[in-house]
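For reference, the structure discussed in these notes is given below.
Read-outs throughout are calculated quantities, based only on the coordinates presented, and are distinct from any laboratory measurement. As the structure is a prediction and not an experimental result, all values here were calculated from the model. We place every Cβ from the backbone using ideal geometry, glycine too, and count neighbours over all the protein chains shown.
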Amino acid sequence: MVRIEDALRLAAESDLDLVEVAPQAKPPVCKLMDFGKYKYEAAVKAREARKNQTNTVLKEIRFRLKIDTHDYETKRGHAMRFLAAGDKVKAMIQFRGREQQRPEMGMKLLNKFAADVAEVGVVESTPRIDGRNMVMVIGPVKNKAEAKAEARRATQRADAKAANEAVRNGEAPPRVDTSSAKAPLTQSLADLLPDGLRLGSSAAEADKARAEQEQAEKEQAAKRARAAAAEKAATEARRVAAASRPAAAPAAETAAPAKPAEAAKPVEAARPAAAPKPAAVPKPTAVKPAAPKPAARPKPAAAPKPAGKPSSPRGTTGQNKPGTAE
């Protein structure tokens, strides 16, 4: 028993809620809990209960007093299927005419029916007369939820058996191996991080990973420095070799003996001078005298034109004869 202030302080320190669970008790009973989580779990339980809730249906099967054996077996098969599914069955016999005077025959038929379906159903209501009909109600041995669960398990067993048969016959690939030897699958983002940066690693592991990373960076820097030094030395050697080539060429020219220039002069003097070519004589060209032009002929005089017929005045066709009127 504590004061309400102390209870509220404890709830605040624990980051929980102070919930009154028994207000009628003396003193009232309270509990420290996460009220939001409690409401969520209660809603989940209610949803699961509604999902598993089943409504029993009353199926009706009608007989005649003079039913044939084949028809009776068919009706019995339907009733057994209904009872196996968790539903109730209402068996009804219809009497016609003088059949109403023999109710014991209907009682005998219903009792036989109840004995035939005793594996999956029990009699809940004994046969009774309802006007011209006799009625009996048979309930299932298992409720509908249990029947559904059993049917689901039977289906799963059948599927597993079929899959095993297919694997044994080589018709389907084997199932995926989910043994514990493999790494477990998780939905955590920490699994995607490097080993040294995982959230669950200790400080020593993080320092070790950091030191290894720094060592690797130093090695890479040393390799780059060595490569740069080698490249610089090679460049210097090429520059020195290029500078030494021009200095060697003049020395070689100085060492070679000089040829006297006077040796070529007597040869040139010994050769006679070439005689000049005579100038070309122009060829004489023949000049033809120009022929005199003929004198122009006089044009003949134009002959006088003969007098023609007088032209007709405008508007006349020239077809009218003299002395006629239009």
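In this entry, Lys59 passes the filter for residues that are closer than 28 Å to Glu150 by Cα and surrounded by 12 or more Cβ atoms within 10 Å (Cβ to Cβ). Of all residues in region 115-134 being of a type in the set (A, V, I, L, M) and surrounded by fewer than 18 Cβ atoms within 10 Å (Cβ to Cβ), which is nearest to Ile67 (Cα to Cα)? Among those residues, the one meeting the criterion is Ala115. Number of residues in region 75-114 that are at positive phi and either over 60 Å from the mean Cα position of the chain (by Cα) or among the acidic types (Asp, Glu) (or both): the value is 1. Filtering region 136-159 for residues that are among the hydroxyl-bearing types (Ser, Thr, Tyr) and in contact (Cβ under 8 Å) with a residue 12 or more places away in the chain leaves an empty set.
Of everything listed in (1) in contact with a Phe, Trp or Tyr (Cβ under 9 Å, 6 or more places away or on another chain); (2) under 30 Å from Ala49 (Cα atoms); (3) among the hydrophobic types (A, V, I, L, M, F, W, C), the single unmet condition for Ala145 is (1). A count restricted to region 1-45 and to residues that are touching a Phe, Trp or Tyr at 6+ places or on another chain (Cβ under 6 Å) and either loosely packed, with under 11 Cβ neighbours inside 10 Å or free of Cβ contacts under 8 Å to residues at least 12 places away in the same chain (or both) stands at 0. The residue that is farthest from the chain's Cα centre (by Cα), among those in region 17-60 that are β-branched (Val, Ile, Thr) and farther than 30 Å from His78 by Cα, is Val29.
Residue-level check: of (1) among the aliphatic types (A, V, I, L, M); (2) within 17 Å of Lys144 (Cβ to Cβ); (3) assigned to a helix (DSSP H, G or I), Ala115 misses just (2).
The number of residues in region 136-163 being in a strand (DSSP E or B), of a type in the set (A, V, I, L, M, F, W, C) and in contact with a helix residue (DSSP H, G or I) (Cβ under 9 Å, 6 or more places away or on another chain) comes to 2.
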